[in-house]
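Following: one structure in structure tokens, then a few remarks.
The values are calculated or read from the model by the stated rules, or taken from the named source; none is laboratory data. Keep in mind the model is a prediction, meaning the values are calculated, not measured. Positions of Cβ are backbone-derived with ideal geometry, glycine not excepted, and every protein chain shown enters the neighbour counts.
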Amino acid sequence: MKIGIIGAGKLGTTLARRAVNAGHDVVIAGRPGAAQTALVVEVMIPGATALPVTDWEDLDVAILAVPFSIALTIPMPLQPGTVVIDPTNHWAPVDGDLSDVAHRSTSEALAARHPQLQWVKSLNQLGYHDLEDETIGIAERPAMGIASDSAEAAHTASVLIASLGLDPVVIGPLSTGTLLEPGGPAFGTTLSNAELSTLLHPAEQAERSRGDVAEHVG
Amino acid sequence: MELGVYSFGDLGHDRTSKAAGRRLDALIRQAQAADEAGLDMFALGEHHRPDFAVSAPEVVLAAIAATTRRIRLTTSVIVLSTVDPVRLMEQFGTLDQISHGRTEITVGRGAFPESYSLFGYDIRDYEALFDENVRLLIQLRDDPAKPWQGRFRSALRDVHTGPRPAQQKLPIWIGVGGTPQSAVRAGMLGQPMFLSLFAGPRSGVRLVELYRRAGTQAGHDPASLRLATGGHMYVGRTSQGAREEFYPHYSHYLSLHPSFAGGMPRHVYDQWIANGLLVGSPQQIIDGIMTHRELLGVDRFVGQFDPGMPESLADGSLELYLTEVLPVIKAETRTSEPAATEVAS
Ligand SMILES: NC(=O)c1ccc[n+]([C@@H]2O[C@H](COP(=O)([O-])OP(=O)(O)OC[C@H]3O[C@@H](n4cnc5c(N)ncnc54)[C@H](OP(=O)(O)O)[C@@H]3O)[C@@H](O)[C@H]2O)c1
């Protein structure tokens, strides 16, 4: 697949390395005008290409690996319909308190700003140290929840995530992304597919009985 | 190789001002013990939260400076995005005089948001603030009379900052927590880098290469690109005993982090130890620190000696570190000491 990653920080470089190792074609964009991105990519992610977002072509998936407050403000000059995975966590230490995400998923806030893209909440639940672990995908495949309003986008994200050595679990529409975010039951722990599914089950039931959950996608 | 300890003076469950007072007394006493045992570094980092006793590390370090003789004093870290570099230089110039040239400053972007609203900054500027302030701080050290114009503070022209430090060049270390761009900046600035590693030294290999490449590309002498690592540490008498004694305190301590809001799961703890978190017998800690040296070529290791621990447990761990780890690391690294670790004082 051709993967484009915005943000060459801790998470972006770790995901890029896993994606290159999985045989994907990876382009990565740092902060526009940041001269150091080329060196970061050369040393941290041999095999990936540093390229500004405006020069990306024929992407299968984009990943937006920047702090959430920045994700809210940057332009997204991607082909309409591009599948974008949002791994951001709204964490006050970095983002400050933002009213945009009161009681909703970061991905819903991003989707409201860029409705022409197909948004997927995922890759946010584990720390970059966990994702760096070389035994992932060999000894164990940690579960990774996926929330999206588009079945097609959820599928594309699942294929990518499985290739990274993780076990994709599609949990529902974008609004269920909060279950995967800080404060949600699936955030921050390495779980198996079965454990994640059971953990989310009661929460899903509760949401469903309140009638806030639309059609499940998977 | 140099060895040190650092602390934030975290308070655990008792957050009264009495408890904070006791914690500060203990830190001063522990620094004296470290000094007497010949430890190289004692460091304190600022937090502005009810669960930490150290918000003004320079004040506590001044008390330590007055009652110690050889140990060098630094921060771990100063959140440089939210302090005025002019004020900082004056404080640490003063501290360097009081300590007779034993002072350093370690600056970073910080891990918590409180200082931004407390001191009137916008957290969204955290990166730009840090970048501007670190350049000003270095200029104030190297060329204090040079005029300054920046984005976040009033311009400086014909100003006096003093007292000047006792050392000709007060060391300024750049604290890095894992963001590649921060390692590049430390290298480009040609300043020593303090890298905190919570999941073992392996995750630092590429960052250290990035730091050294950026530094040499910018034309800095490789000998000026000194490297220190740090992380959480607990030394117990036995391997299994250490794991059990430390776990409940560490789990509670890490519940500060959103990933571990309910405490740290035991299997994650065991995995971190397998990856190199320094929890174990003195011999295991020695091996762990030597792995930092072998994989990363560090000149200095500084461990957080008391995260989440009651005073007696921290004292026990510190004593083992001073009596059983320090002499062995000193002996093992004496012959292979890189020339760059000589510190002018
Ligand atoms: N770290 C983790 O373990 C983890 C895990 C799960 C999810 N996440 C999420 O992933 C996101 C990134 O976190 P991180 O830990 O990787 O943070 P980070 O290390 O600070 O990296 C963020 C990166 O974004 C870059 N950036 C800033 N503005 C940009 C722009 N306009 N265009 C492109 N890049 C830009 C920054 O570059 P400069 O340094 O030049 O500003 C920096 O390299 C966050 O939303 C976080 O919540 C992180």
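Out of B:PHE119, B:PHE152, report the one residue that is more than 27 Å from B:LEU256 (Cα to Cα), of a type in the set (Phe, Trp, Tyr) and surrounded by fewer than 22 Cβ atoms within 10 Å (Cβ to Cβ).
B:PHE152
Could you pull out every one of the helices (runs of 4 or more DSSP H) wholly within the range B:261-327 that has 2 or more residues that are within 20 Å of the chain's Cα centre (by Cα) and within 14 Å of another protein chain (Cβ to nearest Cβ)? Working first, answer last.
Details: elements: B:266-275, B:282-296, B:311-320.
Those helices (runs of 4 or more DSSP H) do not exist here; none qualify.
Starting from the range A:30-54, take each residue that is away from chain B (no Cβ under 13 Å) and over 18 Å from A:ARG18 (Cβ atoms) and list its partners that are more than 12 Å from the ligand (Cβ to nearest atom) and not in a helix (DSSP H, G or I), counting only C-beta distances under 6 angstrom and pairs at least six apart or across chains.
A:LEU51/A:VAL27
Out of everything in the range B:169-210 that is basic (Lys, Arg) and either crowded, with 24+ Cβ neighbours inside 10 Å or assigned to a helix (DSSP H, G or I) (or both), what residue ends up being farthest from the ligand (Cβ to nearest atom)?
Per the stated criteria, the residue is B:ARG202.
Find the strands (runs of 3 or more DSSP E) located wholly in the range A:7-88 whose residues include 2 or more that are more than 20 Å from A:ALA162 (Cβ to Cβ), and list them.
A:25-29
Return yes or no: is A:ILE3 within 12 Å of the ligand (Cβ to nearest atom) and either within 13 Å of another protein chain (Cβ to nearest Cβ) or not in a loop (DSSP other than H, G, I, E, B) (or both)?
In short, no.
Which condition number in (1) in contact (Cβ under 8 Å) with a residue 40 or more places away in the chain; (2) of a type in the set (Phe, Trp, Tyr); (3) not in a helix (DSSP H, G or I) is the one that B:PHE130 fails?
Only one criterion is unmet by B:PHE130, namely (3).
Quick check, is B:ALA155 aliphatic (A, V, I, L, M), within 14 Å of another protein chain (Cβ to nearest Cβ) and at negative phi?
So B:ALA155 does not fit the description; no.
Check the range A:70-89 and report whether any residue there is β-branched (Val, Ile, Thr), over 15 Å from the mean Cα position of the chain (by Cα), away from the ligand (no atom under 12 Å from the Cβ) and modelled with pLDDT of 95 or more.
Looking for residues that are β-branched (Val, Ile, Thr), over 15 Å from the mean Cα position of the chain (by Cα), away from the ligand (no atom under 12 Å from the Cβ) and modelled with pLDDT of 95 or more, one finds none in the range A:70-89, hence no.
Please work out which residue is surrounded by the most Cβ atoms within 10 Å (Cβ to Cβ), limiting yourself to the range B:211-225 and to residues that are out of contact with any Ser or Thr (no Cβ under 9 Å at 6 or more places or on another chain) and outside any helix (DSSP H, G or I).
Among them, the one singled out is B:HIS220.
Name the residues in the range A:120-145 that are more than 10 Å from chain B (Cβ to nearest Cβ) and within 15 Å of the ligand (Cβ to nearest atom), would you? Steps first, answer last, please.
Let us first name the residues in the range A:120-145 that are more than 10 Å from chain B (Cβ to nearest Cβ), namely A:120-124, A:131, A:136-145.
Selection gives A:VAL120, A:LYS121, A:SER122, A:LEU123, A:ASN124, A:LEU131, A:ILE136, A:PRO142, A:ALA143, A:MET144, A:GLY145.
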